[in-house]
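Q: Pasting a structure below so you can have a look.
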2 protein chains.
Amino acid sequence: MSRDVIAFDLGGTNVRCGLVSEDGKILVRAKHAVGKKPKPEDAAAQMAEMAKKLLKEANKRHDEVACAGIGSPGPLNSQTGIIVETPNLGWKNVPLAKLVQDGIGIPTYLENDANSACWGEYMRGAGKGTQTMFILTLGTGVGGGLILGGKLWKGIDDIAGHLGHIVVDPDGPKQVFDNPGSLEALCSATALIRDAKAAAKEHPKSKLAKLAEDEVNGQTVAECAEAGDKVALDLFERLGRHLGIACASFANVLNPEAGVIGGGLAASWKLFAPAMQKEMKRRALGPAGARLKLHQAKLGDDAGMTGVAGLALLRLDGKL
Amino acid sequence: MSRDVIAFDLGGTNVRCGLVSEDGKILVRAKHAVGKKPKPEDAAAQMAEMAKKLLKEANKRHDEVACAGIGSPGPLNSQTGIIVETPNLGWKNVPLAKLVQDGIGIPTYLENDANSACWGEYMRGAGKGTQTMFILTLGTGVGGGLILGGKLWKGIDDIAGHLGHIVVDPDGPKQVFDNPGSLEALCSATALIRDAKAAAKEHPKSKLAKLAEDEVNGQTVAECAEAGDKVALDLFERLGRHLGIACASFANVLNPEAGVIGGGLAASWKLFAPAMQKEMKRRALGPAGARLKLHQAKLGDDAGMTGVAGLALLRLDGKL
């Protein structure tokens, strides 16, 4: 009999929910829009409703459902199950794990979304078979997660693994807080769009410059690059170089086996990976650089649900 | 009855040796010059001679000597006890642990010198009482060590903890290998001397410019700064800022409790620490920056012997 888990992946637009087997297979899925700035109680009630349908499915399969896990953007406290703040949802100090647990009646755990995705790729994705790896998710920001010797590394205050906040170029631009030239400020989709708009102005004859202001996004810039636009190609090459600098730092400090690049921009892997690999190898100590394999993430949007299910079981078993 | 350890600290000029108690106290000391490019067999025989005298001392104290530990510059393989290369001694692929063990007849383990110093400061120095800390030793290069959750983190290939090779400013100068702007290339004594010579040329009226070329070293530059020379003060301020950038990256990625700054330049703590603290706090995520306390190393040259003794006992007990 499989020990299943109800897994939630809470985003700014949708909450996705899945019945996940102990080995990380998503057996049944559900998805629901979260309203704009929903009340936490309403969102939790909606999540409990989704879960109840999946509990019925599990019942049909004669599966036990051991617990639930919620992957959420942070900052959050995974020990207390409280979301400290999610700007996208407008929440502050929301005890989401408890609210959902009260609705579904099984132990419910909260985890950071990037840590969840990291654990998912480790269990079943591009990091499978390794013991020490990291993930970088290139989206609005750059999320990160770190697994050391088979364990999710959370640090002293549950705040480790913010790999997007490593400094790559101290004289670079800043994004959200006063840490100029962080990986996030250079390699997020937000950063790519900022740089693409600036490059379009500088190169009015480029394909890039033909996009309307509001059409500039990760996908359209990639399309320009794929069509051979030098300006767009250079943007991805620079993004790869910056990623490679960060990956070399991780190699020299942590000597991991794998680095997994996920998030929306990872779809443009071919455009940035060569520069990333080259810069990482150049700057990493020989054996550390030879060991570190950089991979495109495999699980896409499923990484979060897969991972948070695995982490919830570890929490239930007192192993995390 | 104390389980003592024979600890060696192998440097380019001297080999230091101590009888160290289980809790890291150095009970008896010895020191011997290593000749210029000595034969490994001769150096090992000399080390065994030193050890035998300390074994007699232990005998007088009725102490058991459980094992020996050698802290050495690398690269080296701590599992096989082989020094891969030490440019200072001119050695390649030397099975030093075995050579010394054959001479003294007790289990002998080899560890990286920076990891040894890190473990020493963790056991009895500035990192005492923490579970997660790092060390940076500012000398000819910048050495590093990393303790995560009470365990020395060595990575997959025994090559983790090279914190001196984190990238701080990718457009910066390079030192030994092709990793421009690494912490080592910016914050080692070698880097300080390079920058001081350049600054002296630029500012011929500075106190710094009055030093003869061969007088420029960490200590004399510090003396200029302490005497109020603005040019020298700026050099230390910049060194502090670069250290702070690296420490912020460690805070955001690893969320440690303590960072310990050792090595020769740490004597100039007051000259660089304010800028280091300020830059770290600026760039670290709030709770990670608030948690990370940066300290001057406490054990000086004893850190290596203290630490390698502790690590050797862990090796003997199968705990490392």
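Q: Of the residues that make up region B:222-242, is at least one β-branched (Val, Ile, Thr), in a helix (DSSP H, G or I), touching a strand residue (DSSP E or B) at 6+ places or on another chain (Cβ under 6 Å) and on the phi < 0 side of the Ramachandran plot? Before you say what the answer is, go through the steps one by one.
A: Quick first cut of region B:222-242, residues β-branched (Val, Ile, Thr) only: B:231.
Retained after the next criterion (residues that are in a helix (DSSP H, G or I)): B:231.
Okay, now just the ones that are also touching a strand residue (DSSP E or B) at 6+ places or on another chain (Cβ under 6 Å), so none.
No, because not a single residue in region B:222-242 is β-branched (Val, Ile, Thr), in a helix (DSSP H, G or I), touching a strand residue (DSSP E or B) at 6+ places or on another chain (Cβ under 6 Å) and on the phi < 0 side of the Ramachandran plot.
Q: A:GLY71 is checked against (1) of a type outside the set (Val, Ile, Thr); (2) buried (at least 24 other Cβ atoms within 10 Å of the Cβ); (3) farther than 26 Å from A:ASP158 by Cα and fails just one. What number does that condition carry?
A: (3)
Q: I need the full set of residues from region B:147-161 which are in a strand (DSSP E or B) and facing chain A (nearest Cβ under 7 Å), in order please.
A: Pass one, region B:147-161, residues in a strand (DSSP E or B): B:147-148, B:151-152.
B:LEU148 - this is the single residue of region B:147-161 that is in a strand (DSSP E or B) and facing chain A (nearest Cβ under 7 Å).
Q: Considering each of B:ASN77, B:ASN59, B:ASN88, B:ASN115 in turn, give the residue that is of a type in the set (S, T, N, Q) and without any contact (Cβ under 8 Å) to a residue 24 or more places away in the chain. Outline the logic, then answer.
A: Values: B:ASN77 fails: without any contact (Cβ under 8 Å) to a residue 24 or more places away in the chain; B:ASN88 fails: without any contact (Cβ under 8 Å) to a residue 24 or more places away in the chain; B:ASN115 fails: without any contact (Cβ under 8 Å) to a residue 24 or more places away in the chain.
Testing whether each residue is of a type in the set (S, T, N, Q) and without any contact (Cβ under 8 Å) to a residue 24 or more places away in the chain leaves just B:ASN59.
Q: Looking only at region B:144-200, which residues are closer than 16 Å to A:LEU292 by Cβ and of a type in the set (S, T, N, Q)?
A: Across region B:144-200, the qualifying residue is only B:ASN179.
Q: Report yes if some residue within region B:275-286 is in contact (Cβ under 8 Å) with a residue 12 or more places away in the chain, surrounded by fewer than 20 Cβ atoms within 10 Å (Cβ to Cβ) and more than 14 Å from chain A (Cβ to nearest Cβ); otherwise report no.
A: Scanning region B:275-286 turns up at least one residue that is in contact (Cβ under 8 Å) with a residue 12 or more places away in the chain, surrounded by fewer than 20 Cβ atoms within 10 Å (Cβ to Cβ) and more than 14 Å from chain A (Cβ to nearest Cβ).
Q: Going by the structure shown, is B:ARG291 under 22 Å from A:PHE250 (Cβ atoms), at pLDDT 95 or above, among the basic types (Lys, Arg) and over 19 Å from the mean Cα position of the chain (by Cα)?
A: Considered against the rule, which asks whether it is under 22 Å from A:PHE250 (Cβ atoms), at pLDDT 95 or above, among the basic types (Lys, Arg) and over 19 Å from the mean Cα position of the chain (by Cα), B:ARG291 comes out as yes.
Q: A follow-up question, please. Restricting attention to region A:84-106, which residues are out of contact with any Lys or Arg (no Cβ under 8 Å at 6 or more places or on another chain) and surrounded by fewer than 16 Cβ atoms within 10 Å (Cβ to Cβ)?
A: If the condition is that a residue be out of contact with any Lys or Arg (no Cβ under 8 Å at 6 or more places or on another chain) and surrounded by fewer than 16 Cβ atoms within 10 Å (Cβ to Cβ), then A:PRO87, A:ASN88, A:LYS92, A:ASN93, A:LYS98, A:ASP102, A:GLY105 are the ones that fit.
Q: Out of everything in region B:259-274 that is under 16 Å from B:ASN217 (Cα atoms) and of a type in the set (A, V, I, L, M), what residue ends up being surrounded by the fewest Cβ atoms within 10 Å (Cβ to Cβ)?
A: B:ALA267
Q: Go through B:VAL231, B:VAL308 for me and flag whichever is free of Cβ contacts under 8 Å to residues at least 40 places away in the same chain and more than 21 Å from A:VAL176 (Cα to Cα).
A: Working: B:VAL308 fails: free of Cβ contacts under 8 Å to residues at least 40 places away in the same chain.
Criteria check complete, one pass: B:VAL231.
Q: Please enumerate the residues belonging to region A:153-182 that are among the acidic types (Asp, Glu) and under 21 Å from the mean Cα position of the chain (by Cα).
A: A:ASP157, A:ASP158, listed by residue number.
Q: Step by step: first the residues of region B:162-171, then only those that are facing another protein chain (nearest Cβ under 7 Å) and not aliphatic (A, V, I, L, M), then the one that is surrounded by the fewest Cβ atoms within 10 Å (Cβ to Cβ). Which residue is that?
A: B:ASP169
Q: A follow-up question, please. What is the residue count in region B:287-306 for residues that are away from chain A (no Cβ under 14 Å) and either outside any loop (DSSP other than H, G, I, E, B) or among the hydrophobic types (A, V, I, L, M, F, W, C) (or both)?
A: 10
Q: Turning to a different aspect of this structure: Is it the case that region B:172-190 has a residue that's touching an Asp or Glu at 6+ places or on another chain (Cβ under 8 Å), within 14 Å of chain A (Cβ to nearest Cβ), under 28 Å from A:GLY181 (Cβ atoms) and without any contact (Cβ under 8 Å) to a residue 24 or more places away in the chain?
A: yes
Q: Please work out which one of (1) in contact with a Phe, Trp or Tyr (Cβ under 6 Å, 6 or more places away or on another chain); (2) buried (at least 24 other Cβ atoms within 10 Å of the Cβ) is the condition B:ALA303 fails and give its number.
A: (1)
Q: Within region B:191-220, take every residue that is part of a loop (DSSP other than H, G, I, E, B) and of a type in the set (Gly, Ala, Ser) and give me the one that is farthest from the other protein chains (Cβ to nearest Cβ).
A: B:ALA212
The values are calculated or read from the model by the stated rules, or taken from the named source; none is laboratory data. A quick note: this is a predicted structure, and the numbers were derived from the prediction, not measured. Using ideal geometry, Cβ is built from the backbone for each residue, glycine included, and neighbour counts are taken over all protein chains shown.
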